[in-house]
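First comes the structure, then the notes that go with it.
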Amino acid sequence: MTGTTISTMGATLPTRPSLFRRACGRAAALLAGIAAGLSRQALNVRVLRQLGAMSERELKDIGLARQDVWDAAALPHDGDATTLLLARRAERKAARRG
């Protein structure tokens, strides 16, 4: 957020946003980051639960193995399980082609 300007004896001086506004902006950014992390974690839990309920055949149909699901579940809470699963699937697909 840019500040307004003050005109003093013909000179124009920029003003800085108030400390309160900057603090509010930083707090909002922090809360948005926390909310994004929580929603990503909830998505990972839901995906892993659904994949865990699938049979070996169903996992093979979508290009995954049971070990991939276990590896994704072993990631730390801030890790992104879906990214790992998509990478494993892409590796297998590339290996079949090439």
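The values are calculated or read from the model by the stated rules, or taken from the named source; none is laboratory data. Everything numeric in this text was worked out from a predicted model, so none of it was measured. Neighbour counts run over all protein chains shown; Cβ positions are idealised from the backbone, glycine included.
Here residue 36 meets each of (1) part of a helix (DSSP H, G or I); (2) touching a helix residue (DSSP H, G or I) at 6+ places or on another chain (Cβ under 6 Å); (3) among the small types (Gly, Ala, Ser) with one exception, condition (2). Taken together, 22, 96 contain a single residue that is modelled with pLDDT of 80 or more, loosely packed, with under 10 Cβ neighbours inside 10 Å and part of a helix (DSSP H, G or I), which is 96. When the stretch 64-93 is limited to residues that are within 23 Å of the chain's Cα centre (by Cα) and in a loop (DSSP other than H, G, I, E, B), the one that is surrounded by the fewest Cβ atoms within 10 Å (Cβ to Cβ) turns out to be 76. Yes or no: residue 43 closer than 30 Å to residue 94 by Cα and either polar (S, T, N, Q) or modelled with pLDDT of 85 or more (or both)? No; evaluated as a whole, the condition is false for this residue.
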